[in-house]
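What follows is a single structure, written as structure tokens, with notes after it.
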């Protein structure tokens, strides 16, 4: 699991095995406000990635976009 602090939130990126056999792993992004135990959002991506580094980078992009989109409202 990788964690990034961004705009007063914490973004956690997990890679879980894909049981549907569409790819080797499924990207799961959880967003917490500060260090709350429960996530305020959980994003799941069905994209395929060449490496775990690519998947983690994409997860942080998705998390940042989610936070930024809510900040504009």
DSSP-defined antiparallel bridges as percent of all bridges, the chain, nearest 5: 100 percent
Spacing of the two label points (7 Å from each Cα toward its C-beta) at residue 40 and residue 16, in nm: 2.2 nm
Angle between the chain longest axis and helix 52-71 axis [Cα atoms, degrees, rounded to 10]: 30 degrees
Value of [θ]222 nm, deg cm²/dmol, for the chain, DSSP H segments ≥ 4, -39500 (n - 2.57) each, nearest 500: -9500 deg cm²/dmol
19, 73, 64 arranged by Cβ crowding within 10 Å, fewest neighbours leading: 73, 19, 64
Segment residue 48-residue 1, extension gain: residue separation times 0.36 nm, minus the distance between their alpha carbons: 15.1 nm
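Since every read-out is calculated from the coordinates, none of them should be taken as a lab result. Please read these numbers as outputs of a predicted model, since none were measured by experiment. In this analysis, Cβ positions are derived from the backbone assuming ideal geometry, glycine residues included, and neighbour counts consider all displayed protein chains.
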